[in-house]
Amino acid sequence: MRLRLGLPKGSLQQATFDMLSRAGYHVSVSGRSYYPSVDDPEIEPILMRAQEIPRYVSAGALDAGLSGLDWIVETDADVVQVCDLVYSKASRSPVRWVVAVAQDSDIHSPEDLQGKRIATEVVNVTRRYLAQHGVSADVEFSWGATEVKVPEMVDAIVELTETGSSLAANDLRILDTVLETNTKLIAARTAWDDPWKRAKIETLSCLLQGALLGEQKVGLKMNVARANLEKVLALLPALRQPTVSSLTNSDWVAVETVLDELAARDLIPDLRKAGAEGIVEYPLNKVIP
């Protein structure tokens, strides 16, 4: 038995392959093939546009897949949302679909969109947003280069942004957030009801979440004189409690912990002042809580 897994082709492809690698799955693809190879014979990966993955998972043509909440909502896909995987091509933060207008536009609120023309790739998401605000507008599908259409062709756009820099570079102003989205591991309901496939998907979920958590954490180990142990332990965070091990010199112990990478930068000088020696910081591939 094999698990048919949809992987996003395009902007998320490399970030997805990198995350899978940290999770322990080494995926590679040659040329223009849509069928990557993976070092797990029980997984059959297939590359396709993220926009289409929820539809094929919903239909059971794929057992599971990685796609965004936006495309699940846009296609109204009936899938099991197994876990959140907050990553994108440029960051480890959720991204947003936003309404954007020209900097000098007289549109300053969602209500000002009444009767206007809006271009977007997420037509259904946009229509739901407008309905929530009691607004009727002409929403048209955009095949790309959406920013260039304002203001000559359309009054506003709904576009995906991570930083807003592309919109600003095109002299556009963000009016409102339509939907915050991130990648999710989703499963077909038929696959979720199959014990073998469900177990395989849950293992994949655990390892992928561990890979993303490990990217944010580092390990820290050090030697500490027993006389200074309490001072050092008072400074250290940990998933549970720091690990303390005896050394051959009974007056000293080894201390090891896991913490946020950014916290380590500020903590190391304080640990040194508290009496820690031989401090080693090391990266983590996965952290499984």
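The values are calculated or read from the model by the stated rules, or taken from the named source; none is laboratory data. Keep in mind it's a predicted model, so treat the numbers as computed, not measured. Positions of Cβ are backbone-derived with ideal geometry, glycine not excepted, and every protein chain shown enters the neighbour counts.
Observations on the model:
- So residue 34, is it closer than 26 Å to residue 78 by Cα, among the aromatic types (Phe, Trp, Tyr) and in a loop (DSSP other than H, G, I, E, B): yes
- When 53, 72, 46 are checked against the criterion of being more than 17 Å from the chain's Cα centre (by Cα) and of a type outside the set (Ser, Thr, Tyr), 46 stands alone in meeting it.
- Test: residue 111 is surrounded by fewer than 17 Cβ atoms within 10 Å (Cβ to Cβ), in contact with a strand residue (DSSP E or B) (Cβ under 7 Å, 6 or more places away or on another chain) and either free of Cβ contacts under 8 Å to residues at least 40 places away in the same chain or not aliphatic (A, V, I, L, M) (or both): no
- Subset of segment 42-95 that is among the basic types (Lys, Arg) and in contact with a Ser or Thr (Cβ under 8 Å, 6 or more places away or on another chain) - its residue that is nearest to residue 128 (Cα to Cα): 55
- Contacts under 6 angstrom Cβ, first residue in segment 1-24 being over 14 Å from residue 39 (Cα atoms) and surrounded by fewer than 18 Cβ atoms within 10 Å (Cβ to Cβ), partner modelled with pLDDT under 95 and of a type in the set (Phe, Trp, Tyr), 6 or more apart: 15/87
- Contact map, segment 243-266: residues that are in contact (Cβ under 8 Å) with a residue 24 or more places away in the chain paired with residues that are part of a helix (DSSP H, G or I) and not hydrophobic (A, V, I, L, M, F, W, C), Cβ distance under 7 Å, separation 6+ or inter-chain. Pairs shown: 251/226; 252/226; 253/226; 260/216; 261/216.
- So residue 27, is it assigned by TED's automatic domain parsing to the domain that holds residue 144, aliphatic (A, V, I, L, M) and surrounded by 14 or more Cβ atoms within 10 Å (Cβ to Cβ): no
- If you go through segment 240-257 and keep only what is within 29 Å of the chain's Cα centre (by Cα) and farther than 19 Å from residue 268 by Cβ, you end up with 240, 241.
- The residues in segment 168-196 that are part of a helix (DSSP H, G or I) and aliphatic (A, V, I, L, M) can be counted, and the count is 3.
- Of residues in segment 253-273 being farther than 11 Å from residue 236 by Cα and among the hydrophobic types (A, V, I, L, M, F, W, C), the one surrounded by the most Cβ atoms within 10 Å (Cβ to Cβ): 253
- Consider segment 114-140 and keep the residues that are hydroxyl-bearing (Ser, Thr, Tyr) and either farther than 21 Å from residue 167 by Cα or out of contact with any helix residue (DSSP H, G or I) (no Cβ under 7 Å at 6 or more places or on another chain) (or both). The one that is surrounded by the fewest Cβ atoms within 10 Å (Cβ to Cβ) is 136.
- Close pairs (7 angstrom Cβ cut-off, 6 or more residues apart or separate chains): in the same structural domain as residue 118 (by TED's automatic domain parsing) in segment 145-159, loosely packed, with under 15 Cβ neighbours inside 10 Å anywhere: 147/166
- Qualifying residue in segment 81-100 (condition: surrounded by 18 or more Cβ atoms within 10 Å (Cβ to Cβ) and among the acidic types (Asp, Glu)): no
- Neighbours by Cβ (under 6 Å, 6+ apart or cross-chain): first from segment 46-66, under 17 Å from residue 14 (Cβ atoms) and assigned by TED's automatic domain parsing to the domain that holds residue 27; second of a type in the set (Ser, Thr, Tyr) and assigned to a loop (DSSP other than H, G, I, E, B): 47/34
- Taken over segment 8-22, the criterion of being not basic (Lys, Arg) and not in a strand (DSSP E or B) is satisfied by 10, 11, 12, 13, 14, 15, 16, 17, 18, 19, 20, 21.
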